[in-house]
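Q: Below is one structure. I have some questions about it.
Only the coordinates and a few stated rules stand behind these numbers; no lab work does. This is a predicted model, so every value here is computed, not measured. Because the Cβ atoms are built from the backbone with ideal geometry, glycine has one as well, and the counts that use them run over all protein chains shown.
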Amino acid sequence: MIKKKIYDVVIIGSGPGGLAAAVAAKKEGAEDVLVIERDTELGGILLQCIHNGFGLEIFNEDLPGPSYAQRYIDEAHELGVESMLDTIVLEVTPGRKLFASSTKHGFVEIDARAIVLAMGCRERTRAMIQIPGMRPAGVYTAGTAQRFTNIEGKMPGERVVILGSGDIGLIMARRLTFEGAKVERVLEILPYLSGLTRNYVQCLQDFDIPLQFEHTVKFIHGKDRVEAVEIAQVDKNWNYVKGSEETIPCDTLLLSVGLIPENELSRQAGVRIDPITGGPYVDESRETNVPGIFAAGNVVHVYDLADWVTLAGYDAGKSAAKFAMALKAKESAHIPVKAGNNVHHVVPHTINKQNLTNDEIELQLRVVRPIEERVMIEVHDGENRIARKAARYARPGEMLTLVLKERHFADVEKADSLTVDVNPR
Amino acid sequence: MVEKRKLICVSCPVGCELEVTLDGNEIVEVEGNTCKLGIDYAEQELFDPRRMVASTVKVKNGYHPLVPVYTEKPVPKPKIFDVLAELRKVEIEAPVSVNDVVIENVLDTGINVIASRDMPKV
């Protein structure tokens, strides 16, 4: 399938924010809407979130992530949203041009009237929190382990310690327990839970998985594979409390230690990033500082519920569609003025239909060849003459003009384009 | 005998902290809830605790090796691991459509286990 090069709205990312933006943009009247997704199917991280709890706000139903995604995927297809899968966006310019690449489509250049950034976020890694110790296999971010377990059918390990009490960590504690692993401990460096209370109840409490606040991993042991982690209590300044150390034998350490909005593309496009959230500054329409570039969801700030990401996506998609339609109206309001017979060029290059109520419009032109006799400057729409003016001669060195007046405007407005000819009389 | 029990409602992400006053086997009062769901939850949680179960089953010739599934309604808490054991026995054939019934009336609970997404055939 050959992709169109110009789209009304291009959305980067097909998680809850991107899908909602696509659906909303279509409903708002955008004609050509494209979603670009780097994975091979639509849905984003929802596809690996097989647990329930999605849709309570929007559908008043308790759905798993994939079911929730499926509703939007189906709706997007019904509305005629186009998608480019397995495609990575390499760059977004402030002029709303996108460069993308994939095995299927090759290198593609796409112009967008409006863009919605919906790239979501990434997990913080071991390197980012600098856990001392060996570097064996078996240290995963909770989301990676979630993908292994729920989509690829591979168990990350059998005896697990989880660092961080974020929602994904809690959910994975239950999930791995379901699959027969033993979750030895969940550790949280803060004195309170990072995730939702309901996840503490139904993921840890239900299965007697111990949670320790103000505790962290002090050292990772193991040569090829994790063999144990040494944990310790921390004080208010996050210094280890002497004598609190404990070694927990395990083969896997999961990290659920925070999410960071993914904004490399935004930065390239000149989008200003709030250092507090790590995401773009947006106004209430979800527009960034770059006109026509909108952003929604975890790429802006990290949400606790996908439903809220969807709602933000709706706003962004709607605003992007409005922006694109206004731009399109402006584009189609402009009638090209073409150089015809013996005309080198004409200025202005276009006439804005919206300005036809105002003053006269002077067309300025130069001829290609001299004509040393009386000439006629004529403006036509391809079939009918709209205006004309006589001159004693035409020389390339001397600019000619013709003024369109109010009596011509009705004809000009009906024209798809204007052509100016200069012929001998 | 009147006693107080503390519960955290898991009906929605708000997670209200409930304090339930029990007189023998009867709930006298529920406090701390911010909606009606809290009262239903207290009743359910104290006398017949239930949970939604979401997991995966194997799928033949599917785009992925697993298809995610879930119980249409919450199942009794003591049966969670039995339900999971049943799911481990199942292998279905792609293509699968969202909401396809994977196990009907699992363990005579009257509850179906259904697929939570389409799984195209490869």
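Q: Can you pull the one-decimal nm distance between simple spin-label points at B:LYS4 and A:GLU413, each 7 Å off the Cα toward Cβ?
A: Output for this residue pair reads 7.7 nm.
Q: Do me a favour and compute the ellipsoid semi-axes for region A:350-416 from its Cα gyration tensor, root of five times each eigenvalue, largest one first, whole Å.
A: Semi-axes from the Cα gyration tensor: 24, 12, 10 Å.
Q: If you don't mind, there's one more thing I want to ask. Once the Cα gyration tensor of region A:125-257 is diagonalised, what are the square roots of 5 times its eigenvalues, in whole Å and ordered largest first, as equivalent ellipsoid semi-axes? Walk me through the intermediate numbers first.
A: Numbers: eigenvalues 88, 66, 31 Å².
Equivalent ellipsoid semi-axes, largest first: 21, 18, 12 Å.
Q: Per residue of B:96-107, how many C-beta atoms from partner chains lie within 10 Å of its own C-beta, taken as a mean?
A: Per-residue shielding by partner chains comes out at 1.
Q: Also, I was wondering about something else. Give me the inter-chain shielding for B:46-55: mean count of other chain Cβ atoms within 10 Å, whole number please.
A: Mean shielding count: 4.
Q: Subtracting the Cα-Cα distance from 0.36 nm times the residue separation, let me have the gained length for A:MET128 to A:THR350 in nm, one decimal.
A: Once the chain is fully extended between A:MET128 and A:THR350, it gains 74.5 nm.
Q: Then there is this: Under a point spin-label approximation (7 Å from Cα along Cα-to-Cβ), what is the A:ASP74-B:LYS36 distance to one decimal in nm?
A: If labels sit at A:ASP74 and B:LYS36, their model points lie 2.7 nm apart.
Q: Right, here's the next one. Which angle from 0 to 90°, rounded to the nearest 10, does the C-alpha axis of helix B:80-89 make with the longest principal axis of chain B?
A: In chain B, helix B:80-89 runs at an angle near 0 degrees to the longest axis.
Q: How much of the DSSP beta bridge set in region B:54-115 is antiparallel, as a percent to the nearest 5?
A: Bridges in region B:54-115 are about 75 percent antiparallel.
Q: Per the Kirkwood treatment, what hydrodynamic radius in Å, one decimal, follows for the protein assembly as shown from the mean inverse distance over all distinct Cα pairs?
A: It is 27.4 Å.
Q: Now a separate question. Looking at the protein assembly as shown, what % of its DSSP beta bridges pair antiparallel, to the nearest 5?
A: For the protein assembly as shown, the DSSP antiparallel bridge percentage is about 65.
Q: With chain A treated as a Gaussian network of Cα nodes joined by springs under 10 Å, which of A:ASN263, A:ASN199, A:ASN342 yields the largest mean-square fluctuation?
A: Among A:ASN263, A:ASN199, A:ASN342, the largest mean-square fluctuation in the Gaussian network model of chain A belongs to A:ASN342.
Q: Give me the angle, in degrees from 0 to 90, between the Cα long axis of helix A:167-178 and the longest principal axis of the Cα atoms of chain A, rounded to the nearest 10.
A: Value to nearest ten degrees: 50.
Q: Toward the positive end of the charge dipole of chain B, about the Cα centre and with charges on Cβ (Lys, Arg +1; Asp, Glu -1), which of B:CYS12, B:VAL2, B:VAL30 goes farthest?
A: B:CYS12
Q: Measure of size requested: the Rg and Dmax of region B:54-115, with Cα atoms as the atom set and Å as the unit; please supply both.
A: Here Rg and the maximum Cα pair distance are 11.1, 34 Å.
Q: Let me ask you something else. What is chain B's relative contact order, in percent, from Cα pairs under 8 angstrom and six or more apart in sequence?
A: RCO, chain B: 19 percent.
Q: Can you tell me the relative contact order of region B:2-47? Whole percent, Cα pairs under 8 Å, sequence separation 6 or more.
A: 33 percent
Q: Further question: Given R₀ = 30 Å, what would the calculated FRET efficiency be for A:HIS105 paired with A:ALA329, taking r from the Cβ atoms and rounding to 0.05?
A: 0.50
Q: I've got another one for you. If each residue of separation counts as 0.36 nm, what is the full-extension length gain between A:VAL368 and A:LYS242 once their alpha-carbon separation is subtracted?
A: So the chain would gain 36.3 nm between A:VAL368 and A:LYS242.
Q: Note down the net charge around A:VAL160, summing +1 for each Lys or Arg and -1 for each Asp or Glu among other residues with Cβ under 10 Å from its Cβ.
A: Counting the neighbours of A:VAL160, the net charge comes to 0.
Q: Rank these for me by crowding, A:TRP308, A:TRP238, going from fewest to most other beta carbons within 10 Å.
A: Arranged by neighbour count, lowest to highest, A:TRP308, A:TRP238 become A:TRP238, A:TRP308.
Q: Which whole-number percent of Cα pairs in region A:1-108 have a distance greater than 17 Å? Intermediate values should be presented prior to the final figure.
A: On the way: 3122 of 5778 pairs.
Roughly 54 percent, rounded to a whole number.
Q: Over region B:1-98, what per residue volume does the convex hull of the Cα atoms give, in whole Å³?
A: Cα convex hull per residue, to the nearest whole number: 108 Å³.
Q: Which value results for Rg/Rh of region A:275-425 when Rg is the Cα radius of gyration and Rh the Kirkwood radius based on the inverse mean 1/r?
A: Rg/Rh for region A:275-425 comes to 1.29.
Q: Enter the angle in degrees (range 0 to 90, nearest 10) between the Cα long axis of helix A:16-28 and the first principal axis of the Cα atoms of chain A, meaning the one along which they spread out most.
A: Here the helix axis deviates by roughly 30 degrees.
Q: Ok, one more. Is there a simple number for the mean count of other chain Cβ atoms within 10 Å of the Cβ of residues in B:109-121, and what is it?
A: Per residue, the number of nearby Cβ atoms from other chains is 3 on average.
Q: Mean separation of Cα pairs under 8 Å and 6+ residues apart, divided by the residue count of region A:188-303: what relative contact order is that in percent? Each step should come with its number before you reach the end.
A: On the way: 156 pairs, mean separation 17.1, N = 116.
Dividing the mean separation by the residue count of region A:188-303 yields 15 percent.
Q: Excluding A:SER256 itself, calculate the net charge of residues whose Cβ lies under 10 Å from the Cβ of A:SER256, where each Lys or Arg counts +1 and each Asp or Glu counts -1.
A: Every neighbour counted, the sum reads -2.
Q: Specify the residue with the greatest mean-square fluctuation among A:ASP206, A:ASP251, A:ASP39, computed from a Gaussian network of chain A linking alpha-carbon atoms under 10 Å apart.
A: Checking each option, the largest mean-square fluctuation is seen for A:ASP206.
Q: Next up: What does the net charge come to around A:ARG374 if you take all other residues with beta carbon closer than 9 Å to its beta carbon, with K and R at +1 and D and E at -1? Write down the numbers at each step before the final one.
A: On the way: positive: A:ARG392, A:ARG425; negative: A:GLU373.
Cβ neighbours under 9 Å give a net charge of +1.
Q: Right, another one. Given the options B:LYS73, B:LYS89, B:LYS60, state which has the largest fluctuation in a GNM of chain B using a 10 Å cut-off (strictly under) for Cα springs.
A: Greatest mean-square fluctuation among the candidates belongs to B:LYS89.
Q: Per the Debye formula with a single identical scatterer at each Cα and no solvent contribution, what log10 I(q)/I(0) holds for region A:204-342 at q = 0.12, 0.20 Å⁻¹?
A: Taking Cα atoms of region A:204-342 as identical point scatterers yields -0.77, -1.12.
Q: Quick check: residue separation of A:ASP86 and A:ARG135 times 0.36 nm, minus the Cα distance between them. What number comes out in nm?
A: Using 0.36 nm per residue and subtracting the Cα-Cα distance, I get 14.5 nm.
Q: Once you place label points 7 Å from the Cα toward the Cβ at A:ARG272 and A:ALA390, how far apart are they in nm?
A: In this crude label model, A:ARG272 to A:ALA390 measures out at 6.1 nm.
Q: Can you tell me the alpha carbon radius of gyration of region B:2-47 divided by the globular rule-of-thumb value 2.2 N^0.38 Å? Display every interim value, and only then the final one.
A: Values: Rg = 9.6 Å, N = 46, 2.2 N^0.38 = 9.4 Å.
After normalising by residue count via 2.2 N^0.38 Å, the value is 1.02.
Q: Okay, next question. Sort A:ARG385, A:ARG124 so the one with the fewest other Cβ atoms within 10 Å of its own Cβ comes first.
A: In increasing order of surrounding Cβ atoms, one gets A:ARG385, A:ARG124.
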